[in-house]
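The values are calculated or read from the model by the stated rules, or taken from the named source; none is laboratory data. Keep in mind the model is a prediction, meaning the values are calculated, not measured. With ideal geometry, Cβ positions are generated from the backbone for all residues, glycine too; neighbour counts draw on all protein chains shown. To get the accessible areas, we keep the full protein, side chains included, count just its heavy atoms, and leave off ligands, DNA and RNA. Shrake-Rupley method; radii C 1.70, N 1.55, O 1.52, S 1.80 Å.
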Amino acid sequence: MTELLPPGEARLQAKAAPEGEIAAATRTLVLGPYLTRTAQRFVPGQAEAARSDEARLDEAVGLAAAIDLDVAQAMSVHIQRPRPSTYLGKGRVEEVAGLIQAEEIGLVVMDCALTPVQQRNLEKAWGAKVIDRTGLILEIFGRRASTREGTLQVEHAHLAYQRSRLVRSWTHLERQRGGFGFLGGPGETQIEADRRMIQERMTRIERDLDAVTRTRGLHRKSRARVPYPIVALVGYTNAGKSTLFNALTKAEVKAQDMLFATLDPTARATKLPHGETVILSDTVGFISDLPTSLIAAFRATLEDVIEADILLHVRDVSHGDTQAQAEDVEAVLRELGIKADADRIIEVWNKADLLDEGERTRLLNLSAAHRGTGPAPILVSALTGEGLPALAERIESQVARARSTFAVSLPPEDGAALNWLYENAEVLDRQADSGGVIALTIRIAPEKEPRFLNRFEAARRIGGPQQPVSV
């Protein structure tokens, strides 16, 4: 029977080599089979993507590096259309086979989605392990997931992927695989038994995920009772979300110059300049061509994004494909029901420290040009701290839009009332007259307003919820 492997110990099986984990020392060829520009015109969504082949190949190499593979060579090949049997044409398959033999390659990463038949045929032709983009991302996620929810989600996606490829494990029973009835033989029984085992495990995981999701829902409800505004960070993988999260919250979330360095969501409370507390939530990074199974698996993780009061769309503006990356993120947000031009989205242009002076000036001018039409992007460097005070003020301004402002006068001896205001509201201004009477200007959340008015009946409203502003 085939061993069923959880993603925490994710393994990739192939007829050409013994089963086992992908070793870091495995010499790897990263192959990008991309459609020609002419062919892309006939594929929905391809012509608009405008993502260069070089950038796509660099990203595939980065994915391989994320699990410490020894990338011996990376190359892109142009095809008019995928072949049903091997994805690549016969001549290209033979050419790559010669390269694999000459370079002693043990693993080929194909930056595309392969069918089980294509994967098996390529392994037979090349005598090396072959994995596609989905398999590689699953391997990375399997190694990165650390929370129970993340581990369960990855294992579920991995089993769904493995189930469609079980036939590859039974090549020693070729005759029995294709039959019906009594001609099916023991090979078919073994495959069906494995499929049943996988389905039973997936069913158990789904039950466990339901329990974890309910627990997460209870945590979310407890936060709503506090309540604090939620600010969720979203963006392409390796855009610097975790570094920005650490800079804003003084947390120590793992942050590396690596694709999918962090996977599990993290939330921390932090204070804004005027004392308002918000909860910052760091989410998994998005990526182009993310496997559908993983989008579905991580939908629960992205619930914080759906319910967040403010979204920080973090972009790596030093990257050559920053616009295409932004479009990929916006596409995922649309799948979650969030419009790219929603008022609650603040675009954060990160990694300003990597820009030359000319590009920095261009982006600052571009940001200034936005101010007449809507919220302007903010240029920051999470690494050096540049622009972070302006970002904190922008977040505070967005939070304040739904809040009322009041003038309150307190006698000097009423320390308890003064403490309550500092605990439950933003104190925008404080002055004391010659008699010691304290005059305060405060801003308070709508859900706390009834309690405030019940306690401070003499408070005078001086401003209602603000209209959208351009900062």
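Using the average count of surrounding beta-carbon atoms within 10 Å as a protection proxy, the listed peptides 72-79, 348-355 rank, highest first, as 348-355, 72-79. To the nearest 10 Å², what's Lys124's accessible area with a 1.4 Å probe? Accessible surface of Lys124 is approximately 120 Å². For Ser409, the accessible area of its heavy atoms, probed at 1.4 Å with every protein chain present, is near 90 square angstrom.
Annotation: peptides 363-369, 115-121, ranked by per-residue average of other Cβ atoms within 10 Å with the highest first, follow the order 115-121, 363-369. Basic side chains Lys and Arg get +1 at the Cβ, acidic Asp and Glu get -1 at the Cβ, and with that the dipole of the range 305-351 about its Cα centre reaches some 100 debye. What is the sum of charges around Ala97, taking Lys and Arg as +1, Asp and Glu as -1, for the other residues whose C-beta is under 12 Å from the C-beta of Ala97? So the surrounding residues net to -1. Protection proxy ranking of 418-426, 444-452, by the mean of other Cβ atoms within 10 Å over each peptide's residues and highest first, is 418-426, 444-452. By its C-alpha gyration tensor, with a ≥ b ≥ c as the square roots of the eigenvalues, how is the range 61-132 shaped: rounded for a/c under 1.5, else prolate for a/b larger than b/c, else oblate? Judged from the Cα gyration tensor, the range 61-132 comes out prolate (a/c at least 1.5, a/b above b/c).
The GluC sites (Glu not before Pro) found in the range 351-413 that occupy coil by DSSP, while having at most 16 further C-beta atoms within 10 Å, are Glu386, Glu413. In loop segments of the range 114-150 as defined by DSSP, there are no GluC sites (Glu not before Pro) with at most 10 further C-beta atoms inside 10 Å of their C-beta.
Between their Cα atoms, which of Lys250/Lys271; Lys241/Lys271; Lys250/Lys339; Lys241/Lys448 are more than 21 Å away from each other? Pairs exceeding 21 Å: Lys250/Lys339; Lys241/Lys448.
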